[in-house]
1. Where the centroid of each part is defined by its Cα atoms, how far is segment 373-413 from segment 286-321 in Å?
2. Counting only C-alpha contacts under 8 Å and six or more residues apart, can you give the relative contact order of the chain as a whole percent?
3. Could you work out the mean projected area of the convex hull around the alpha carbons of the chain, in square nanometres to one decimal?
4. Can you tell me the FRET efficiency between Asp328 and Lys385 if r is taken as the Cβ-Cβ distance and R0 is 35 Å, rounded to the nearest 0.05?
5. Starting from the Kirkwood Rh over alpha-carbon pairs, what translational D in µm² s⁻¹ does segment 139-237 have by Stokes-Einstein at 37 °C and 0.692 mPa s?
6. If you line up the long axis of helix 89-101 against the longest principal axis of the chain, both from Cα atoms, how many degrees apart are they, to the nearest 10?
7. Which three extents, in whole angstrom, do the alpha-carbon atoms of segment 177-287 cover along their principal axes, largest first?
8. Report the residue, chosen from Asn136, Asn46, Asn334, that carries the largest GNM mean-square fluctuation when the chain is represented by alpha-carbon nodes joined by springs under 10 Å.
Amino acid sequence: MNNLELKKRDLSVLWHPCTQMKDHETLPIIPVKKAYGVYLEDFEGNTYIDAVSSWWVNLFGHTNSYINEKIKEQLDTLEHVILAGFTHEQVIKLSERLVKITPEGLEKCFYADNGSSAVEVALKMSFHAHKNDGKNKKLFVSLTNSYHGETIGALSVGDVKLYKDTYEPLLIQSIQTPVPKDMSIESAREAAREFEELCKSRAYEISAIILEPLVQGAGYMHMYHKEFLVLVRQICNKYDIHMIADEVMVGFGRTGELFACQSANITPDFLVLSKGLTAGYLPLSVVLTSDDIYAKFYCDYSEYKAFLHSHSYTGNALACAAANATLDIFEKDNVIEKNREISKYMSDKLLKFEELENVASTRQTGMICAIELKGYKPEERIGLKVYQYGLDNGVLLRPLGHVVYFMPPYIITQEQCDKMMDTAYEAIKSLL
Ligand SMILES: *Cc1c(COP(=O)(O)O)cnc(C)c1O
């Protein structure tokens, strides 16, 4: 079995996500034979550093021996059970732990199985909570340049044109308020003022604002100041609007705190988690909310008051076991502290990129670094060139348009960081 043979078989039966399939007439598909630590290995023995944590999910490396062991234990005990009317130890334990480690005031966990579905849950819960209070608020606000997933509701509150525009006629009502334009505190205040202006005239119909705290992932790794979160929280309180924090990407230590909301010391009404929840092992997501919201649905049986939302695999036991193993590692390995060291190391190396003529700027929040390139048109597809250069040199980089970024597993060593960042440097330089 070699790479080319597998590519041929693959292309005859698969349709890949987020891909113009015709690109694969020239672009390779890398069949991964195995993976360990930060490395992916193909069928010809080539290795690649997974600088994007396999789409932002992997925290502690591939085939992590501790997580493997915990999933194997669970596999022989209970693989899955319906979560309506039934429960299991893993999901109870996980929920207790999530309530404990997330911002104070989030007391109940509702599970789904991917980030987009969890966003749908949060939107529906927000609307429904107001409705149970006798209010009809059916408008959602999100930030410009935001991304919340691909299902219709989640896509509706997103603002990345590439994913959204085609489906415009299908979408639910939403409006966008400007994201802070850079990482300064002034921009945070300016954007908060704009949001408040909007609330002054339309709060009566706004159910919630949904946002990605600190870093907009698919929105080209745009970053902003935590003051914005503080101010949005205040505005939401004042105008009876829910705050939905979509920490699907930034949750579990990515930004330097366990959760990004904690850097601003705020509690959202809904906290949405997925990607890092199982350290990149199994699909699982959760929405945490307050006892106050929960109470609005709690009553003697009456049609339409209860939250009648479900997914077949809600609270899957194997996924919960992976999530509990993930939290064990956070508890025993001092992860946040170690992340700060490796973030500092990356930040020192990031400076060098600014010397390149085709680099407009660099930015960083915790374990996310981004390099913005300048002077190229979209049709030049420079991202693709950087991607190809990376693959040829043993690093999986997957630029977002003209933004090259690093979001490696937390276990990356300084030496592996050198390889990852030096390769990106050479790739960007080769464009000149
Ligand atoms: C990835 C992502 C989602 C969607 O999660 P999926 O599991 O891909 O459906 C939602 N919000 C943010 C911020 C994300 O990065």
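The values are calculated or read from the model by the stated rules, or taken from the named source; none is laboratory data. Since this is a predicted model, take the numbers as computed values, not measurements. Methodologically, a virtual Cβ is constructed for each residue, glycine included, from the backbone with ideal geometry; neighbour enumeration extends over all protein chains shown. Calculation scope for accessible area: heavy atoms of the full protein, side chains included, ligands and nucleic acids excluded. Shrake-Rupley method; radii C 1.70, N 1.55, O 1.52, S 1.80 Å.
1. So the two Cα centres are separated by 40 Å.
2. Normalised by residue count, the contact order of the chain is 20 percent.
3. Its average projected convex-hull area is 21.7 nm².
4. Working: r = 41 Å, r/R0 = 1.18.
For Asp328 and Lys385, the calculated efficiency is 0.30.
5. The calculation lands on 242 µm²/s.
6. That helix lies at roughly 90 degrees to the long axis.
7. Sorted largest first, the three principal extents are 45, 28, 24 Å.
8. Asn334
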